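I have a structure here, written as structure tokens, and I will follow up with some questions on it.
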Amino acid sequence: MELKEYQHKALDRVRQYLEALSKQISSGNTKHASEDAWETLGQWNYISRKDGRGRDLTNFCLKIPTGGGKTFLAVKTIDHINTILLKRRTGLVLWVVPTTQIYNQTIQSLHNRIHPYRQHLDIASGGRTVVLEKTDGFTPLDIQENLVVLMLMLPSASRQNKETLKVFQDSGGFQDFFPAEDDVKGHEELLSRIPNLDAYGKGNGFWGKQIKTSLGNTLRLISPIIILDEGHKAYSETAQATLRGFNPSIIIELSATPPEESNVLVEITGGELHREEMIKLDLHVINKASPDWTDAMRDVISRRNLLEEKAKNYEANTGQYIRPICLIQVERTGKDQRDSGYIHSEEVREWLIKTQGISPEQVAVKTSEKDELKEVDDIGGLMSKDCQIRYIITKHALQEGWDCAFAYALCVLTNPSSKTALTQLVGRILRQPYARKTRVQELDESYVYCFQQKGANLLQEIRHGFAEEGLGDLTGRISIDQEDTNGKGQTRAVSMREKFKKSATHVILPVFVIKDSKGWRKVNYEMDIASRIPWDEVNLEKVFTLTLSKVNVSDVESTIGMAADVSRLIDIRDVQHLNDSHLEFDSVFLTRHINDIVPNPWIAFEFGQKVRNKLLERYDKKIVINNFVFIIEELRKHLSAERDRLAETIFHQLVKKDVLRLLVISDELSYKFPQSKIVSGEAKTLTRVNNTPLERSLFDFVPDDEFNETEKSIAWYLDNQDLLFFWYRNAPRADYSIQGWKRHKIYPDFIFTTSKNEGERFNKVFIAEVKGTHLKGNVDTVYKRSVFDMCNKLAKEIKWEEFGNTLKNLNVLYEVVDEEEWENKLNALIEP
């Protein structure tokens, strides 16, 4: 599972903060380390908090929209915390969630050894990950030797009457963490060190105070890492006191909409998710004028059937399976509510089956009383090919935490006056299958059907829904089809400016094409590049010569008791080193962790065996095994670099053999500017700095929300240049792209044209990619420069005169522009 660019950025920020925090603590700053480290990163207004013992409690929030992979980022953050801050691979992670739905999905993923979340935890722990629930017991040795992830529902940890909760009650599974019952002095000493432990009795009694052997007290002893999913739901006074009372070493909040009290360290925008192909946009909302709910249902069924047809064609071409699912929200689900006059789940089910002829196994009901989705878990879940479900009927059960990327359409059958339906369910249909666009427009977008909604309120409700999912910056990607003839349309088409239309329609931009038996076609990475990678030419010498840690590790049988040192909670009283270790070099485990890089599992397995054998020639077997996790990490880095090196060589060879070219062939194979675009009727247009209209943008309307601050500055600059003919904001995943020798296409940020003299026809087309200061010199930037350099070389060979006098003597130039020097660079480019 390769990280997206925004995920790299987020984890870099986490790493920087943890390194600054570790430095503060190492210097002896224990009272204000969290805040001081925060300020060294140039961030302010840190809200300090204390744990149950009155100690500085590090806490920060990862603000991640729906569909952004917050669980994956949490897993990687745990690894960073253990590596940088706590200097260990083991310990306890308390993973707190607010709903049963999120609880079930998270624990299912963490239990599954082939799921990316679990695999990354296994890498972090050296294969020693244990996932538990609150009813499971564990011992001090379990914590010492494993990375234990304990799942806990938030309500279980935050109700006022804590005495009635299992988490705070005596339990038979945690005695080893506490002094013996008759060890009065031990109880007294432990309470003096950790005074917020729950205890029975009074201090002046014969037995003194007896510490409860509860899970809650055990957590207070261990000081776990806390992952707080949907962190904005844990800001009641009771919830906060409970979590801080567990004496955690650190609290990490995950939230799409954190409250003002959160210390937001990382903020991911909806635009970043969209650029990285994580979500299905545009969102199309069809508001039926008919008062009959079955009319909306008939439309959504037609839409879903069309999507399935597209999905089958897509699978035939790519091998990637998608089964579009429709969510249907009804007003009533209870057994006694069938004849209440409201639209009932069973009424909709019967209509689907009896009237529309839909097979019963394709329809499921999900309510608080009836959960028919549980039945599909045994066959691999909703995304399994063995699952038949196409329609899911619900009322509120899917509003939070439910996740299935196959959900494409939502049909809202609730009362038109309801203000919650669209707000609370819209996020359930936005996640993109496999986090990768299909390039089939219908399969890369999402759909909402409703009936007789008030036109004036519809867009506002959906916008609010987007904001609740952390996608407020993407509201311009909502398209409203308003069938109510009395209402006003909520979208509009924008066109090219008339003064540019004649010239712009003649512009055809080149793309990389490859020659096969049928002629020239666009380059496909998997088919034309990845399939040609000669894996037998991979050079593993750097991995063969790794320097391994020579610390020898064997299984240890330890006798655990209470520590005398206040800084430690448990101590090892007796140690016996056993003859044999249970650790081993698991080649199958290694193969699974490089299979996303090396697609052939037999070749991946062979690489693992070669590395193992070579390292065993230089090191003792126990040392190699002890470094197993380190070896996996280094092998992954090296294989990624080798894959890209070999792919680049293939790309250059194909160009040299004249099998691959940068060409302008036809409207279908090359790129032409769109004649019009659909934008939200409520979208705000970008204007110049002085609030006057843009003059040189290709389109008369340019949505303001498509630009970050640097891009706005560049747009304003371009619009003021006298020698510039027109400029165009190239839309990610939709407009002009360049397929290089890496999987993901390059979508430049701007396309602009210039002329030698003001008023003359343009003679140059610039394709510009803007890179942030923090990305200057990184691998991605270097790659894009290399691809653009090749494009510049090959573009000179294009005979533009063959396309008529309009393009005669045209120059097409590709440039990567660094954020810190963009104005100087553009000045040089635009000079005649």
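The values are calculated or read from the model by the stated rules, or taken from the named source; none is laboratory data. Predicted, not measured: the structure shown is a model, and the values here were computed from it. With ideal geometry, Cβ positions are generated from the backbone for all residues, glycine too; neighbour counts draw on all protein chains shown. Side chains are part of the model used for accessible areas, which takes the heavy atoms of the whole protein and leaves out ligands, DNA and RNA. Shrake-Rupley method; radii C 1.70, N 1.55, O 1.52, S 1.80 Å.
Could you point to the residue in Thr257, Tyr314, Phe246 farthest towards the positive end of segment 207-324's charge dipole, with +1 and -1 charges on the Cβ of Lys/Arg and Asp/Glu respectively?
Result: Phe246, furthest along the dipole toward the positive end.
May I ask you to compute the full-extension gain from Lys335 to His652, defined as 0.36 nm times their residue separation minus their alpha-carbon distance, rounded to one decimal in nm?
On the way: separation 317, 0.36 × 317 = 114.12 nm, distance 6.70 nm.
Going from the current span to full extension adds 107.4 nm.
With all protein chains present and a 1.4 Å probe, how do Lys385, Lys672 order by accessible area, largest first?
Order by accessible area, largest first: Lys385, Lys672.
Taking the highest mean first, how do the peptides 264-270, 590-596 order by number of other beta carbon atoms within 10 angstrom per residue?
264-270, 590-596
So for the pair Glu361, Gln240, with labels modelled 7 Å out along Cα→Cβ, what separation do we get in nm?
5.2 nm
Ranked highest first by the average count of other Cβ atoms within 10 Å around their residues, in what order do 277-288, 616-627 fall?
With the highest mean Cβ count within 10 Å placed first, the list reads 277-288, 616-627.
Show the residues, 5+ positions off or on another chain, whose built amide H is closer than 5 Å to the amide H of His284.
Amide H to amide H, under 5 Å and 5 or more residues apart or across chains, His284 pairs with Ser446, Tyr447, Val448, Ser479.
While we're on this one: Could you tell me which trypsin sites (Lys or Arg not before Pro) in segment 491-554 are loop residues by DSSP with no more than 12 other beta carbons within 10 angstrom of their beta carbon?
Values: sites: Arg492, Arg497, Lys499, Lys501, Lys502, Lys515, Lys518, Arg521, Lys522, Arg532, Lys542, Lys550; in loops: Arg497, Lys518, Lys550.
Taking segment 491-554 and a limit of 12 other Cβ atoms within 10 Å, the loop trypsin sites (Lys or Arg not before Pro) found are Lys518, Lys550.
Counting only other residues whose beta carbon sits under 11 Å from that of Glu253, what net charge do I get with K and R as +1, D and E as -1?
0
Under unit Cβ charges (Lys, Arg +1; Asp, Glu -1), what dipole magnitude, rounded to 20 debye, does segment 590-672 have relative to its Cα centre?
On the way: 15 positive and 12 negative charges, 68 e Å.
Value, rounded to 20: 320 debye.
Quick one: how many Å² of Met153 are accessible to a 1.4 Å probe, rounded to 10?
Roughly 40 Å² of Met153 is accessible to a 1.4 Å probe.
Convert each backbone phi in segment 55-62 into a coupling constant with the Karplus relation 6.51 cos²θ - 1.76 cosθ + 1.60 (shift: θ = phi - 60°), then list the ³J(HN,Hα) values in order as whole Hz, x for Gly and Pro.
With the stated coefficients, segment 55-62 comes to 8, 4, 10, 5, 8, 8, 10, 9 Hz.
Using a 7 Å offset from Cα along Cα-Cβ at Leu540, what residues in segment 621-646 end up with backbone N under 16 Å from the label point?
Counting only backbone N, you get 624-625, 628-643.
For Thr135 and Ser587, FRET efficiency with R0 = 41 Å and r from the beta-carbon atoms, rounded to 0.05?
With R0 = 41 Å, the Cβ-Cβ based efficiency is 0.70.
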